[in-house]
Amino acid sequence: MMEQYLNIKNKYKDALLFYRMGDFYELFFEDAIIASEALDIALTKRGKTNGKDIPMCGVPFHSADNYLPKLIKKGFNVAVCEQTETAEEAKLNLKKGPLKREVVRIISPGTLTEDNLLQRKNNNFLGAISNFNNSICVSWVDVSTGCFKTRNIGKDKSSNQKQLLTNFMSRMDFSEILISEDMNVDYIIDEWHPIIKKQPISLFHYQSCLDQICSYYNVVSLEGVGSFSEGEIIAAGVLLSYLNLTQCGKMPFLSMINSESINNFLEIDYFTQKSLEILKNLSGNNEGSLISCIDETQTASGARLLKQRIIEPFYDINLIQDRYDIINWILENKIDINNYQTSLQNIPDLERSLSRISLSRGGPRDLSLISRGLLGIKQISENLILHQSKRKMPRLLGSILNNLKIDYSLFSNITNALKLEVPLILKDGGFIKDGFSKELDDIRSFRNNELSQIMKLQNEYSELTKINSLKIKHNRMLGYHVEVRAMHDQSLRNFDLFIHRQTTAQASRFTTNKLVEVETQLLNSFDKAIKIELEIYNDFAFKIVEKGKEILDIVLAISELDISFMVANQSISRNYICPNISNNKILDIADGRHPVVEHQMRFSENSFISNDCKLNNEDLIWLITGPNMAGKSTYLRQNALIVIMAQAGLFVPAKKANIGMFDKIFSRVGASDDLAKGQSTFMIEMIETSLILNTSTENSLVILDEIGRGTSTFDGLAIAWSVLEHLHEKIKPITLFATHYHELTALKKNLKHLSCHKMSVKEWNNSIIFMHKILNGEADKSYGIHVAKLAGIPIEVTKKAAEILSDLQSKNNQIKQNPKKEIVKVNSKEVNNFLEEFDKIDVDDISPRQSLDILYKLKSKRQTYGKSKFKK
Ligand code: ADP
């Protein structure tokens, strides 16, 4: 047995080998040590090798589902090795030694299909990255839903490629990533390193990857499928090879491979996704994120599509308008939204059932879910078609309904064949209704006869022995047997008829020749019935997989409908409106609201205060001042979120919105805490800002909140100042800039496309009230001390702070009135050197990083000179 084990283990070195022995999966050697620790189960031993104990641990096979997720979540691959012959087959082949065993599947984080291992509303993506001729390409697949896509990240400068790859990976949230052994991992940020699985270089061979894809789709070339770069083909081929390996030759049903262009989407980078809390809040949980607030989809696939839309909204006015048209059609025709949403609620996760069936991992329940689900969809589409004549049907809705128009007879047949309640497990049968198969019915009636035969035998034996409590029972060890209480043991032994099998403290068990005969017939009939049921199942499963493409198209169509009904409902329940979208440079929102904050306030007695925003080529940058807590961040983010929702094809929380197409969104919050990674908060802030200055375009939306806060006042002010100037003069994106540096408002004199706005506050009774309303003009005070009071800082501390503040302010005024006092005397040689060096700087031609270095140099010079007085 150990020899067999070692042979198998040798082939699956990268996985923990779950070796089936009877009712247990056993692990040995290093695997046992790793798994016992990861699962917190006992480590035992079995036998010895070279005089040393062999470590072993095991889990019962029927509860493996409880243990597997723990290992998979920790990033391990598990190779499941099953007995692939029965004891009877081995006997027939006159075979000696252990029964044949084979690895039937490798479970890895990116190839899961089981519902209990997956999250309903999330895709589970396996990705592969290729680096061919300096261009980075990614392909990704969700085995559980059949999604299969590729994308060329680009051939740009390597820093930009790395950034685009990082953005993409953080959006897709991969479970496992395959790269070539020789690929430079520096392309991938540290956060993703734990899920990288390096693959042999040979797998990344262009021609064999192309062959893999063609053979999977059974086509001779990919020309008719789409246009793919070499790198995309390599990445996709690697995925197929990996699936072949992990699924041991059984391939899942995948949609037709599709190449997506990176330019079709509104690009949301890694920091923006985090700072706008799109999928997760700042602490990494779901609550308070945009998706958790707006997701009111009814189907699992609808929820997954919505998530993709939110992280990668459209950058194409037609695609967005198509979605709006369906929602408006639903509203204008007064379609009963509630009714449709209730029907959608009953649509099961068809993609996941299809995937399990295609991998021979499905069961009667999957058949039932698919067939009933599709019949439910047929009903929905028939109901919708009834409204066809009312108003001209929108283009996309027409093509959705077209996709739903298929022959549903297979699914009616399956529903007719299956019992209402079907078991989860296939191999025990019992899921086909009486009346569907004559052959099965005959066997079942024979079996019922045999069962009543057993009842008859029980009565007969009871009368014969005069023991009323005599029963014929069944257990796994003995099969059918006659059972009497131990005290009657001798009475039965007196009859030749009864053959003794077992005696325990309470009971004695016997059998009879007749009972054995009936039981054998019964078992044969069970086997026969199961065989017939399996044949029926396999036939249905085969036909379902044949219709796989149509089923996936239907799922996509129904997911679109699900989102449309959700938005139509939100336009009523949440007062969201349909934005006007155009290709103009415009962000004009009347009475906009923050979707999440507003939703969180729905039970509060205060209501959310709406705000306008009016930016365009003329009024390009809004500089927003106001005390802390006045609502600056909320205002900034609400505008970014409204743009994301609009470009995702959703309605938005506002009274009116005119929104141009944005190619990228950048949102930065100053001094975000990232100390754990060993970088100073200021450094992080500057890296993030440099990304904006290097990659934003005039069609981008830039949201900057308190940039420069992470350093001393003057550094911060200088940086914020020059960033604003650069945005205004060079890049010209629509920008919202919140700051507590009131000095910046002076910029409005020189920058004609910049205007100042403030979050209004009212003073009342020596305290302040935040109005959360944006007004023209600049805030005059910081109100920091008032906010400190609100936060519960002891009164004597805030009082003292007020005294210090007034002292500082009066000194500041004195300096302003008598500025000569502040002029320092500087040594002329020093000045000359300094000026010479300074003049060399070409401000327009340095990177943010270089400017930062200069600042540091200036700072250190200042420190070297210390407090010495220089002569002018
Ligand atoms: P700032 O960025 O100016 O410090 P925030 O945007 O963080 O202020 O807002 C402070 C608090 O005020 C938050 O709790 C937020 O929920 C609330 N708030 C902000 N804007 C509004 C608004 N328009 N209506 C109602 N409450 C708001």
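The values are calculated or read from the model by the stated rules, or taken from the named source; none is laboratory data. The model shown is predicted, which means the values in this text are computed figures rather than measured ones. Virtual Cβ from ideal backbone geometry, glycine too; neighbours counted across all protein chains shown. Surface areas here come from the heavy atoms of the whole protein model, side chains and all, with no ligands, DNA or RNA. Shrake-Rupley method; radii C 1.70, N 1.55, O 1.52, S 1.80 Å.
How high is the relative contact order of region 520-632? Use alpha-carbon pairs under 8 Å, at least six apart in sequence, and give a whole percent.
Relative contact order of region 520-632: 17 percent.
For every other residue with a beta carbon closer than 10 angstrom to the beta carbon of residue 209, add +1 if it is Lys or Arg and -1 if Asp or Glu, then tell me the sum.
Net charge in that neighbourhood comes out at -3.
Can you give the Rg and Dmax of region 507-568 based on its C-alpha atoms, in angstrom?
According to the Cα coordinates of region 507-568, Rg and Dmax are 24.4, 72 Å.
Mind ranking 206, 187 by accessible surface for me, highest first, 1.4 Å probe?
206, 187
Residues with beta-carbon under 14 Å from that of residue 591, excluding residue 591: net charge, scoring Lys, Arg +1 and Asp, Glu -1? Numbers along the way, then the final one.
On the way: positive: 574, 593, 614, 655, 656, 773; negative: 588, 598, 612.
Once positives and negatives cancel, what remains is +3.
Work from the charge dipole of the chain (Cβ charges, +1 for Lys and Arg, -1 for Asp and Glu, about the Cα centre) and give the residue of 204, 231, 594 farthest towards its positive end.
594
Once you've got the Cα coordinates, tell me which of 96/473; 162/857; 585/655 are over 26 Å apart.
Table pairs above 26 Å Cα-Cα are 96/473; 162/857.
Which three semi-axes in whole Å describe the equivalent ellipsoid of region 480-541, each the square root of 5 times a Cα gyration tensor eigenvalue, listed largest first? Can you show the working numbers first?
Values: eigenvalues 278, 33, 6 Å².
They are 37, 13, 5 Å, listed from largest to smallest.
Given the whole protein assembly as supplied and a 1.4 Å probe, what does the accessible area of residue 89 come to in Å², nearest 10?
It works out to around 90 Å².
Heavy atoms of the protein only, probe of 1.4 Å, neighbouring chains included. What is the accessible area of residue 84 in Å², nearest 10?
60 Å²
Give me the net charge for the shell around residue 198: Cβ to Cβ below 11 angstrom, other residues only, Lys and Arg +1, Asp and Glu -1.
Numbers: positive: 197; negative: 14, 181, 182.
That sum, taken over residues with Cβ under 11 Å, equals -2.
I'd like to check one number: the per residue accessible area of the chain, probe 1.4 Å, reported in Å² as a whole number.
Heavy-atom accessible area per residue stands at 50 Å².
Mind checking region 418-485 for GluC sites (Glu not before Pro) that DSSP puts in a loop (not H, G, I, E or B) and that have at most 12 other Cβ atoms within 10 Å?
421
What are the radius of gyration and Dmax of region 221-326, computed over its Cα atoms and given in Å?
Values for region 221-326 (Cα only, Rg and Dmax): 17.6, 48 Å.
With +1 on each Lys and Arg Cβ and -1 on each Asp and Glu Cβ, and nothing else charged, work out how big the dipole of region 292-436 is about its Cα centre, in Debye to the nearest 20.
I would put it at about 180 debye.
Quick check for me: using +1 on Lys/Arg Cβ and -1 on Asp/Glu Cβ, what's the dipole size of region 221-293 about its Cα centre, in debye to the nearest 20?
320 debye
Evaluate region 178-236: find the radius of gyration of its Cα atoms, find its Kirkwood radius, and give the ratio Rg to Rh.
That ratio equals 1.06.
Nearest 10 degrees is fine. How inclined is helix 395-404 to the longest principal axis of the chain, computing both from alpha carbons?
10 degrees
How much accessible surface does residue 585 have with a 1.4 Å probe, in Å² rounded to 10?
Spelled out: residue 585, probe radius 1.4 Å, area about 40 Å².
Got a number for carbon plus sulfur as a percent of region 228-279's accessible area, 1.4 Å probe? Each step should come with its number before you reach the end.
Details: 780 of 1560 Å².
The nonpolar share, carbon plus sulfur, comes to 50 percent.
Using a probe of 1.4 angstrom, how much of the accessible area of region 1-60 is carbon and sulfur, in percent?
Roughly 49 percent, rounded to a whole number.
Treating the angle as unsigned and between 0 and 90°, give the value, to the nearest 10°, between the Cα long axis of helix 230-246 and the longest Cα principal axis of the chain.
With rounding to tens, the tilt is 30 degrees.
With n ≥ 4 as the cut-off for DSSP H runs, can you work out [θ] at 222 nm for the chain, using -39500 (n - 2.57) per run divided by the number of residues, rounded to the nearest 500?
Using -39500 (n - 2.57) per qualifying helix, the result is -14000 deg cm²/dmol.
For region 350-507, what is the largest minus smallest coordinate of the Cα atoms on each principal axis, given in angstrom and ordered from greatest to least?
89, 27, 23 Å, listed from the longest principal axis down.
Output the relative contact order of region 247-364, whole-number percent, from Cα pairs under 8 angstrom with separation of 6+ residues.
Across region 247-364, relative contact order equals 33 percent.
Quick check on the chain: of the DSSP beta bridges with both residues there, what percent are antiparallel, nearest 5%?
If we restrict to bridges inside the chain, about 60 percent are antiparallel.
Taking every pair of distinct Cα atoms and averaging 1/r, then inverting, what Kirkwood hydrodynamic radius in Å comes out for the chain?
Working: mean 1/r = 0.0305 Å⁻¹.
Hydrodynamic radius (Kirkwood, Cα only) of the chain equals 32.8 Å.
Sticking with the crude label model, points 7 Å out along Cα→Cβ, report the distance from residue 471 to residue 316 in nm, one decimal please.
Each label point lies 7 Å from its Cα, and together they span 6.9 nm.
Please list the equivalent ellipsoid semi-axes of region 710-772, computed as the square roots of five times the alpha-carbon gyration tensor eigenvalues, in descending order and whole angstrom.
Working: eigenvalues 139, 47, 19 Å².
Three semi-axes, in Å: 26, 15, 10.
Given axes a ≥ b ≥ c from the Cα gyration tensor, I'd like to know whether region 72-197 is rounded (a/c under 1.5), prolate (a/b larger than b/c) or oblate.
Prolate is the answer for region 72-197, as a/c is 1.5 or above and a/b outweighs b/c.
By how many degrees, 0 to 90 and rounded to 10, does the Cα axis of helix 713-726 deviate from the longest principal axis of the chain?
Here the helix axis deviates by roughly 80 degrees.
How high is the relative contact order of the chain, given as a whole-number percent (alpha carbon pairs under 8 Å, six or more residues apart)?
9 percent
Simple spin-label model, 7 Å along Cα-to-Cβ: residue 64 to residue 655 in nm?
Placing both labels 7 Å along Cα→Cβ, they lie 6.3 nm apart.
Can you put 277, 26 in order of accessible area, largest first, using a 1.4 Å probe?
277, 26
Trypsin sites (Lys or Arg not before Pro) within region 454-499: which are DSSP loop residues with at most 16 other Cβ atoms inside 10 Å?
Those that pass, being in a loop and sparsely packed, are 466, 476.
Checking the table 74/547; 773/799; 100/528; 274/800; 155/547 against a 27 Å threshold on Cα-Cα, which pairs fail?
74/547; 773/799; 274/800; 155/547
Report, in debye and to the nearest 20, how large the dipole of the chain comes out about its Cα centre when Lys and Arg carry +1 and Asp and Glu carry -1 on their Cβ.
Here the size comes out at about 1800 debye.
So for the chain, taking the charge dipole from beta-carbon charges (+1 Lys/Arg, -1 Asp/Glu), which of 403, 453, 63 sits furthest toward the positive end?
Most positive-ward Cα: 63.
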